[in-house]
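Structure first, commentary second.
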Amino acid sequence: LKVRDALQRMGRDPKTVIDRSVGSEIALREGARALLLPSVAEVGDQLRVNLEVVDPNTQVTVYAESAEGRGPESALASIDEVNGDLRQRLGEAMGDIQANARRLGFALLGFLVVVAIIVSITARRTLARPLQAVAHNALRLGDFRFDGMKPVNSRLVEIGTLAQAIGQMSASLASFKK
């Protein structure tokens, strides 16, 4: 919520994407000594959660932590691992951790929201769109309408195989129709 308020004070849209540059500007305006810059990458079924600690004055990464898992369901465990590693690296004593747990919890919650959004977008791209195209093509095939088939682009082998099978079925039925 503070980020949105800072964006409004800066005269920017509250929906502005927070990248290194914008995040550093906000950190400087709000008096923060560091910027935590999260990112999530998915390659195949591998999920990598990264957290960079950035000096807002120079926008240089001071250090970074990362954790890897398999699939979107590993996101929470990876975030927890990155958070634990970062706290350890920062040298927090247990008393400090307990004293700051509430504020850190809110910061972590914000990080989790960002990760959840990224994971849901990735899942939509990976699953929903290709399956919608396959369903569209199957319905057209069921009505013996062979034109207007949608191309199916998917990183998942199973969806690609299904789309290819429907395409071959469509071509075979179209040749009988002639």
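The values are calculated or read from the model by the stated rules, or taken from the named source; none is laboratory data. The structure presented is a predicted model; accordingly, all values stated were derived computationally and were not measured. Positions of Cβ are generated from backbone atoms using ideal geometry, with glycine treated the same way; all protein chains shown enter the neighbour counts. Note: accessible area is taken over every heavy atom of the protein model, side chains too, but ligands, DNA and RNA are not part of it. Shrake-Rupley method; radii C 1.70, N 1.55, O 1.52, S 1.80 Å.
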| request: Quickly run through segment 1-40 and pick out the residues that are charged (D, E, K, R) and open to solvent by 80 Å² or more (accessible area, probe 1.4 Å). | output: Lys2, Arg4, Arg9, Arg12, Asp13, Lys15, Arg29, Glu30, Arg33
| Unique match (being under 23 Å from Gly71 (Cβ atoms), modelled with pLDDT under 85 and open to solvent by less than 50 Å² (accessible area, probe 1.4 Å)) among Val119, Val113, Val134 | Val119
| Checking Glu68 against (1) open to solvent by less than 70 Å² (accessible area, probe 1.4 Å); (2) touching a strand residue (DSSP E or B) at 6+ places or on another chain (Cβ under 8 Å); (3) over 21 Å from Gly110 (Cβ atoms), which test does it fail? | (1)
| query | Leu139 fails exactly one of the following numbered conditions: (1) of a type in the set (A, V, I, L, M); (2) at pLDDT below 85; (3) open to solvent by 50 Å² or more (accessible area, probe 1.4 Å). What is the number of that condition? | reply | (2)
